[in-house]
Amino acid sequence: MLMRAVLGAILASLMLVMALLQPVSLLRVETGDGELVICARVDADTPVTLTFTHSMFGGFVRETYTVDDERLVRQQIVTENAAAAEYYATDGRVASVPDGYEVLAGPFSTDELVVRVDGIGNHQLTAGETNWRMYEIFREPAQVRISGDSTPRIRVPDACLSRGANPATKGLIV
């Protein structure tokens, strides 16, 4: 009986360790000088959306990504007006959708997005149900890097806080 209890405790401990070592995906936003301002835990199917005003044609542009390991994978681009959609559609393939025009392109994968956040672009970043109004965080033009990261579950708080996540931005989500 004692042997079963010991084996059960060992098995439970091993399962806990394995769960804590399971990798999780993070969405990170850092300033040009490396300050971490947003760190959000995301699942593989969590939509990450960057919405902004197009600088030449006006109207919104909405780029939707997922985080796959340490990469951002663009799933969709929707624009408010056709001219902006055609600007992004290198082969001219655009479809009318209920809220604008979708650029018909396959997924695109990248290590990071480098974005100039300013009042003209009025950038917003959304991960699942959480939305950050980027210009309100910085209150002046700023260059940011948006990237994905993968870290063991046990290190999520470390990964988000080790580079100085700013609690004023409500950037830490675990």
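Given the structure, is V42 modelled with pLDDT of 75 or more, closer than 19 Å to H123 by Cα and touching a strand residue (DSSP E or B) at 6+ places or on another chain (Cβ under 7 Å)? In short, no.
The number of residues in segment 139-155 being at pLDDT 85 or above and either more than 20 Å from E112 (Cβ to Cβ) or part of a helix (DSSP H, G or I) (or both) comes to 2. Checked against (1) touching a helix residue (DSSP H, G or I) at 6+ places or on another chain (Cβ under 8 Å); (2) of a type in the set (D, E); (3) not in a strand (DSSP E or B), E102 meets all criteria but (3).
When the residues of segment 106-119 are filtered to those that are within 20 Å of the chain's Cα centre (by Cα) and more than 17 Å from D68 (Cβ to Cβ), the one that is surrounded by the most Cβ atoms within 10 Å (Cβ to Cβ) is V117.
Looking at segment 98-109, can you tell me whether even one residue there is touching a residue at least 40 places away in the same chain (Cβ under 8 Å) and of a type outside the set (G, A, S)? It would help to see each step written out before you state the result.
The initial filter retains those residues of segment 98-109 that are touching a residue at least 40 places away in the same chain (Cβ under 8 Å), namely 100, 109.
Keeping just the survivors that are of a type outside the set (G, A, S) gives none.
No.
Note on segment 120-137: among residues that are over 14 Å from F52 (Cα atoms) and buried (at least 18 other Cβ atoms within 10 Å of the Cβ), the one that is modelled with the lowest pLDDT is I137. Answer yes if at least one residue in segment 54-68 is outside any strand (DSSP E or B), at pLDDT 90 or above and surrounded by fewer than 16 Cβ atoms within 10 Å (Cβ to Cβ), and no otherwise. Looking through segment 54-68, at least one residue is outside any strand (DSSP E or B), at pLDDT 90 or above and surrounded by fewer than 16 Cβ atoms within 10 Å (Cβ to Cβ).
Just one of the listed residues (L104, L113, L50, L21) is out of contact with any Ser or Thr (no Cβ under 6 Å at 6 or more places or on another chain) and modelled with pLDDT under 90, namely L21.
When segment 78-99 is limited to residues that are in a loop (DSSP other than H, G, I, E, B) and more than 18 Å from G58 (Cβ to Cβ), the one that is modelled with the highest pLDDT turns out to be P98.
The values are calculated or read from the model by the stated rules, or taken from the named source; none is laboratory data. The model shown is predicted, which means the values in this text are computed figures rather than measured ones. For neighbour counting, all protein chains shown are included, and Cβ atoms are generated from backbone atoms with ideal geometry for every residue, glycine included.
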